[in-house]
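S.K.: Encoded as structure tokens, here's the structure I'll be asking about.
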Amino acid sequence: MVTSYTARYTKIDSGYLGQLVEWPEVVTEGRGVEECRSMLRDALCEMILAYRQQGKEIPCGNDLFEPVAIDLDHVRQTA
């Protein structure tokens, strides 16, 4: 069974922080995005193995995410 998760990468002083949106406990850091991506995949595999060993349910992925754009200059307070 193939499951997809959504990765979020945040620029930090030491490089990048990577975290899965659907499974926030899966988090890692890397010097660049590619390194962080690779380490995040490894962290995900390790977390899946740990959850299976503990008999825990693995969080589902495959959520639908989409960007929501808004022009901040056109947002006005109404009250």
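Values quoted throughout were computed directly from the atomic coordinates according to the rules given, and no laboratory measurement underlies them. Here the structure is a predicted model, which is why all the values come from computation and not from measurement. Positions of Cβ are backbone-derived with ideal geometry, glycine not excepted, and every protein chain shown enters the neighbour counts.
S.K.: Count the net charge of all other residues whose Cβ sits under 10 Å from the Cβ of GLY15, scoring Lys and Arg as +1 and Asp and Glu as -1. Could the numbers behind the result be given before it?
M.R.: Working: positive: LYS11, ARG31; negative: ASP13, GLU29, GLU35.
Around GLY15, the surrounding residues sum to -1.
S.K.: What's the exposure ranking of GLU35, GLU25, going from fewest to most Cβ atoms within 10 Å? List each step's numbers first, then the result.
M.R.: Working: GLU35 15, GLU25 11.
By the 10 Å Cβ count, ascending: GLU25, GLU35.
S.K.: Same structure again: Could you compute the net charge surrounding ALA43? Neighbours are other residues with a C-beta less than 13 Å from the C-beta of ALA43; K and R count +1, D and E count -1. Don't skip to the answer; put the middle values down first.
M.R.: On the way: positive: ARG37, ARG41; negative: GLU25, GLU29, GLU35, ASP42, GLU46.
Combined, the nearby Lys, Arg, Asp and Glu give -3.
S.K.: What net charge do the residues around GLN54 carry, taking every other residue with its C-beta under 13 Å from that of GLN54, with Lys and Arg at +1 and Asp and Glu at -1? Intermediate values should be presented prior to the final figure.
M.R.: Values: positive: ARG52, LYS56; negative: GLU25, GLU46, GLU57.
That sum, taken over residues with Cβ under 13 Å, equals -1.
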